[in-house]
Amino acid sequence: MALHNIICLVAEWQFRYDKDKTFNLNTQPLLHWLKEFHGCDIIYRHILTKEDLQYYLKYFATHKRETKGYDIV
């Protein structure tokens, strides 16, 4: 069993350091590696608005039985 399980709430963002170069962060490959290498479970949610974030934070707080083993957010 994994030492830690992860809830990942990801907002879309880009870093632009000049007109032609944009850096996008994609967390899914890292989460996949953590799942495969360390055997941890992952809950992944894409957050687009403040309301989305509020919804998921409230959901995870009120559904503790489903998220009992998840200790990293």
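Within the range 25-46, being assigned to a helix (DSSP H, G or I), surrounded by 11 or more Cβ atoms within 10 Å (Cβ to Cβ) and either of a type outside the set (A, V, I, L, M, F, W, C) or out of contact with any Phe, Trp or Tyr (no Cβ under 9 Å at 6 or more places or on another chain) (or both) holds for Q28, L30, H32, L34, K35, H38.
The residue pairs whose first member lies in the range 41-58 and is basic (K, R), whose second member is part of a helix (DSSP H, G or I), and whose beta carbons are closer than 7 Å, counting only pairs six or more residues apart or on different chains, are R45/Y56. Of all residues in the range 47-68, those being surrounded by 11 or more Cβ atoms within 10 Å (Cβ to Cβ) and either at pLDDT below 90 or among the polar types (S, T, N, Q) (or both) number 3.
The values are calculated or read from the model by the stated rules, or taken from the named source; none is laboratory data. For clarity, every value in this text was computed on a predicted model and none was experimentally measured. We place every Cβ from the backbone using ideal geometry, glycine too, and count neighbours over all the protein chains shown.
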